[in-house]
Amino acid sequence: MNITAIRPGPSATAFAEFVQHDRIHRRVYTDPDIFALEMDRVFAANWVYLLHLSELPAVDDFKQVWIGTRNFVVSRNANDEVAVFANRCSHRAATVCREPKGSASTFTCPYHGWKYDSRGQLFGVPGKKAYGKTFKERGMHLARPAQVATYKGLVFATLNPDAPALEAHLGHSKRFIDDWLAHQGGHENLRVAGAQRFKLKCNWKVVYDNAGDGYHVPFSHQSLLKMTSDRYGGGDMSYFADADRSNMRLYDLSNGHTLIDQRPDMHKVSAWNQQRPQPGRESFERHVRNATRPDAVNAVLDSAVGAGMNLNIFPNLLFIGNQIQVLQPVSANEVLVYWYATQRADADDEMRSIRMRTQEDFPIMGEMDDASNFEECQRGMESSPDDEWIDISRHYETGKDQEEAPGLTVGPVTSELHMRAYFKEWLRLMSAQPVLSIQKTKP
Ligand code: FES
Ligand code: FE2
């Protein structure tokens, strides 16, 4: 059985007035009805990142994931396949999985004991004889999204059977994802580890707005830059101080995906030498110099440092440094932000610990600056409803945003091109009337 839900709702004209080339209406960030529709049209009807395969290393490993506010479970089953199914019992809708992650070959609903296997297939119903002949025909397995696809270990899903193939959706962002994975020694070498989790009192898009924002750094992170410069004479991120004159570039990669490429400045000298000090830095460097061929030392040291990209895959996946950030919208003014640390399978203990120290650096020292501004943006939009617009016009009129190839526009790193770009995609998605589909047939 294929279950589809057609969700009529406001059409294009309703949102076009809220999303203009140089400004966005505050209701897009504050209105619970718009949020509810986003969960269908921007999340469920679009490709959404779920997890990386390294998070489920063994058969029967599972993890709860979210497509917007829709809760699913991803499980690796005995055939070593990944199954994605809704965390919602086919009986009376209780969640069948109550642990964020773990290992289980079966899922037993705690309410009346219905049993599902690791593909979400119903195989046990207590007192089954009380059900009639039509029960079996009704499709009572856990609901699966219309499409699931993987790009180099990154698992995505959508409830939209008409969504284009995942690789077409990723488009221009693929070569930068490839670069990011190459920095981790290739996609099979990547290990996604645990996450720091923040619950912020703001709309999820306030976080996405910041993901491509090269303008805020010397102001929002003033104390971090000052501390680095006072104590160590510059280094990591100092090139943001005069960002418009830097070599960094901001990309609109189409489909809402954007990128700040810090690499031209980060690798001008040596990413390792520019890195803010972290505990164990000197002994790590000594270790690498002793254990590595001289001509490979710099590459190994640089591989301990972040990848030099803020690569944002709309709507919920952000690569920042060596980390993977995942956005989970909760309501119009709440979002969960996960900062996943990553490791390399080929790393020794010294490399493993220095990477962790580096990855603790920004989420602890810098994220709080951003988080407080995110919440204050939301508060401003909610507490001054008469001042209706936020401005996204920076570098719109300077002509400095240039289309380099079809669907690939590059601008100065402080341009608000990234917001103009992703709101174009947001408007397109919100104006479509997608059909959402789940399957409850035998997997
Ligand atoms: Fe799951 Fe009744 S709700 S068995
Ligand atoms: Fe920031």
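One table, with the values for the structure above:
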| quantity | calculated |
| --- | --- |
| Selection status of residue 205, buried (at least 22 other Cβ atoms within 10 Å of the Cβ), among the charged types (D, E, K, R) and under 15 Å from the mean Cα position of the chain (by Cα) | yes |
| Residue among 362, 319, 374 that is modelled with pLDDT of 95 or more, within 16 Å of ligand 2 (Cβ to nearest atom), buried (at least 20 other Cβ atoms within 10 Å of the Cβ) and assigned to a helix (DSSP H, G or I) | 374 |
| Residue in the range 170-179 that is in the same structural domain as residue 415 (by TED's automatic domain parsing), buried (at least 18 other Cβ atoms within 10 Å of the Cβ), among the aromatic types (Phe, Trp, Tyr) and over 29 Å from residue 57 (Cβ atoms) present | no |
| Number of the condition not met by residue 117 [criteria: (1) of a type in the set (D, E, K, R); (2) within 16 Å of ligand 1 (Cβ to nearest atom); (3) touching a helix residue (DSSP H, G or I) at 6+ places or on another chain (Cβ under 7 Å)] | (3) |
| From 87, 71, residue being under 21 Å from residue 327 (Cα atoms), within 12 Å of ligand 1 (Cβ to nearest atom) and either touching a residue at least 12 places away in the same chain (Cβ under 8 Å) or aliphatic (A, V, I, L, M) (or both) | 87 |
| Sole residue being crowded, with 20+ Cβ neighbours inside 10 Å and polar (S, T, N, Q), chosen from 54, 90, 103 | 90 |
| Members of the range 93-141 that are assigned to a loop (DSSP other than H, G, I, E, B) and basic (Lys, Arg) | 98, 119, 133, 138 |
| Near pairs, Cβ below 9 angstrom, 6+ apart or cross-chain, from the range 289-303 (modelled with pLDDT under 95) to any residue that is of a type in the set (D, E, K, R) | 291/348; 291/350; 297/285; 297/289; 301/285; 301/289; 303/344; 303/355 |
| Residue, farthest from ligand 2 (Cβ to nearest atom), within the range 210-269, restricted to residues that are among the acidic types (Asp, Glu) and closer than 21 Å to residue 371 by Cβ | 236 |
| Residue that is nearest to the chain's Cα centre (by Cα) [pool: residues in the range 387-407 that are among the hydrophobic types (A, V, I, L, M, F, W, C) and assigned to a strand (DSSP E or B)] | 390 |
| Single condition residue 282 does not satisfy, out of (1) out of contact with any Leu (no Cβ under 9 Å at 6 or more places or on another chain); (2) outside any loop (DSSP other than H, G, I, E, B); (3) modelled with pLDDT under 90 | (3) |
| In the range 415-437, residue nearest to residue 244 (Cα to Cα) [restricted to those that are in contact with a helix residue (DSSP H, G or I) (Cβ under 8 Å, 6 or more places away or on another chain) and of a type in the set (Ser, Thr, Tyr)] | 422 |
| All positions within the range 343-383 that are in contact with a Phe, Trp or Tyr (Cβ under 8 Å, 6 or more places away or on another chain), charged (D, E, K, R) and over 19 Å from residue 291 (Cβ atoms) | 367 |
| Set 90, 54: member being of a type in the set (S, T, N, Q), within 23 Å of residue 191 (Cα to Cα) and away from ligand 2 (no atom under 16 Å from the Cβ) | 54 |
| Residue list for the range 186-225, restricted to those being assigned to a loop (DSSP other than H, G, I, E, B) and modelled with pLDDT of 95 or more | 186, 201, 202, 203, 212, 213, 214, 215, 216 |
| Pair list, Cβ under 7 Å, 6 or more apart: the range 146-167 residue more than 19 Å from residue 57 (Cβ to Cβ), other residue surrounded by 16 or more Cβ atoms within 10 Å (Cβ to Cβ) and of a type in the set (D, E, K, R) | 167/174 |
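The values are calculated or read from the model by the stated rules, or taken from the named source; none is laboratory data. Predicted model only: the values in this text are computed from it and were never measured. Glycine also receives a Cβ, built like all others from the backbone with ideal geometry; neighbour counts cover every protein chain displayed.
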